[in-house]
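As structure tokens, the structure follows; a few thoughts come after it.
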């Protein structure tokens with residue numbers, strides 16, 4: 001459906017009305033009350049939706065408050081995109097094109113010529129590959145709102161952040177003990193191995209996953225190196241995956257992935273170069289989460305006149 005503002009309302013104010021959780025909840029309730037293949041609303045239901053409508057001057061003031069938050073969120077996103085481009089370019093320069101090492105001797109390997117002193121190893125040599133598990137859904141005591149952080153591929157599909165602290169639902173200590181989920185430390189690289197393959201995120205704290213992940217706990221290499229190795233090899237992993245119902249990258253496949261491994265000194269230097277960029281990205285994502293929460297809290301209060309726009 002397309003909505004066009006008339007002379008009584010600013011287009012951006014109409015946009016913010018439709019962003020309001022109160023309005024979204026009301027439309028969702030209407031949609032779910034109708035039987036059918038999927039929830040939906042009609043033109044008349046949307047047209048008859050009621051809302052407080054202040055005068056144009058007040059609308060402009062409310063828009064300025066909310067838009068200033070959205071503008072800062074968008075600025076942080078652009079900064080993070082720039083930082084990501086820098087980090088990816090550095091990884092490719094060092095470990096794909098070998099630009100800083102061109103003056104030294106190269107040797108043949110199964111993956112082509114590599115700098116002398118480097119070797120071709122496997123992913124399991126630089127990190128521990130960890131699977132996940134799901135506590136029984138029929139035992140309500142296994143799940144909680146405030147327990148052990150536990151994520152599924154669906155959580156990463158709705159979260160575009162590079163760093164992850166928790167999913168939609170936590171599991172309890174009892175649920176953890178009665179499943180094959182494994183707790184991993186901050187800095188672990190979470191990689192969805194099925195449905196779909198290739199969602200990647202970095203654990204901000206101790207976290208576990210369902211069986212849709214084959215995550216990597218850094219060992220010889222650091223978080224930054226492993227993150228970009230997986231980013232650069234996602235298509236290869238997907239092409240090697242197998243399965244009848246849906247493709248899955250097995251633990252064996254992930255462990256045996258070939259990776260060019262430089263010296264410990266170079267791995268450490270790369271982490272030291274990239275970690276400040278990761279820290280800035282994490283800070284900006286945290287700030288955006290706070291700003292989004294502030295905007296979503298202010299939005300209904302401003303529109304209902306509970307907060308004086310002056």
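Numbers for the structure displayed
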{"item": "Options 247, 255: the member that is free of Cβ contacts under 8 Å to residues at least 60 places away in the same chain, more than 24 Å from residue 90 (Cβ to Cβ) and either touching a strand residue (DSSP E or B) at 6+ places or on another chain (Cβ under 6 Å) or surrounded by 14 or more Cβ atoms within 10 Å (Cβ to Cβ) (or both)", "result": "247"}
{"item": "Search result, residues across segment 34-59 that are surrounded by 10 or more Cβ atoms within 10 Å (Cβ to Cβ) and more than 27 Å from residue 10 (Cβ to Cβ)", "result": "34, 39, 40"}
{"item": "Single residue of segment 206-228 satisfying the filter (over 18 Å from residue 193 (Cβ atoms) and without any contact (Cβ under 8 Å) to a residue 60 or more places away in the chain) that is farthest from the chain's Cα centre (by Cα)", "result": "222"}
{"item": "Number of positions in segment 295-309 that are in contact (Cβ under 8 Å) with a residue 60 or more places away in the chain and exposed (fewer than 14 other Cβ atoms within 10 Å of the Cβ)", "result": "2"}
{"item": "Residue list for segment 176-206, restricted to those being closer than 19 Å to residue 246 by Cα and assigned to a strand (DSSP E or B)", "result": "191, 192, 193, 194, 197, 198, 199, 200"}
{"item": "The one condition in (1) in contact (Cβ under 8 Å) with a residue 12 or more places away in the chain; (2) touching a helix residue (DSSP H, G or I) at 6+ places or on another chain (Cβ under 8 Å); (3) more than 27 Å from residue 298 (Cβ to Cβ) that residue 99 fails to fulfil", "result": "(1)"}
{"item": "Which listed residue, of 143, 176, is over 21 Å from residue 202 (Cα atoms) and modelled with pLDDT of 95 or more", "result": "143"}
{"item": "Residues located in segment 55-66, provided they are in contact (Cβ under 8 Å) with a residue 60 or more places away in the chain and either under 19 Å from residue 296 (Cβ atoms) or touching a helix residue (DSSP H, G or I) at 6+ places or on another chain (Cβ under 7 Å) (or both)", "result": "61, 62, 65, 66"}
{"item": "Failed criterion for residue 136 (all others in (1) closer than 26 Å to residue 267 by Cβ; (2) within 28 Å of the chain's Cα centre (by Cα); (3) assigned to a loop (DSSP other than H, G, I, E, B) hold)", "result": "(1)"}
{"item": "Residues that are in contact with a helix residue (DSSP H, G or I) (Cβ under 7 Å, 6 or more places away or on another chain), modelled with pLDDT of 85 or more and more than 30 Å from residue 61 (Cα to Cα), drawn from segment 16-49", "result": "30, 40, 41"}
{"item": "Condition check for residue 274: over 26 Å from the mean Cα position of the chain (by Cα), farther than 28 Å from residue 14 by Cβ and touching a residue at least 40 places away in the same chain (Cβ under 8 Å)", "result": "no"}
{"item": "Residue check for residue 69: in contact (Cβ under 8 Å) with a residue 60 or more places away in the chain and surrounded by 14 or more Cβ atoms within 10 Å (Cβ to Cβ)", "result": "yes"}
{"item": "Set 274, 226: member being under 30 Å from residue 115 (Cα atoms), in a helix (DSSP H, G or I) and out of contact with any strand residue (DSSP E or B) (no Cβ under 7 Å at 6 or more places or on another chain)", "result": "274"}
{"item": "Residue among 186, 194 that is under 22 Å from the mean Cα position of the chain (by Cα), at pLDDT 95 or above and either at negative phi or crowded, with 17+ Cβ neighbours inside 10 Å (or both)", "result": "186"}
{"item": "Top-ranked residue in segment 229-240 [being touching a residue at least 40 places away in the same chain (Cβ under 8 Å) and crowded, with 16+ Cβ neighbours inside 10 Å; ranked as nearest to residue 120 (Cα to Cα)]", "result": "229"}
{"item": "Residue check, residue 261 crowded, with 18+ Cβ neighbours inside 10 Å and farther than 16 Å from residue 120 by Cβ", "result": "no"}
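Residues are listed down the side, and each one gets a yes or a no for (1) crowded, with 17+ Cβ neighbours inside 10 Å; (2) part of a helix (DSSP H, G or I):
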site	(1), (2)
4	no, no
17	yes, yes
24	no, yes
31	no, yes
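The values are calculated or read from the model by the stated rules, or taken from the named source; none is laboratory data. Computed from a predicted structure; not experimentally measured. Here the Cβ is made from the backbone with ideal geometry for all residues, glycine too, and neighbour counts use every protein chain on show.
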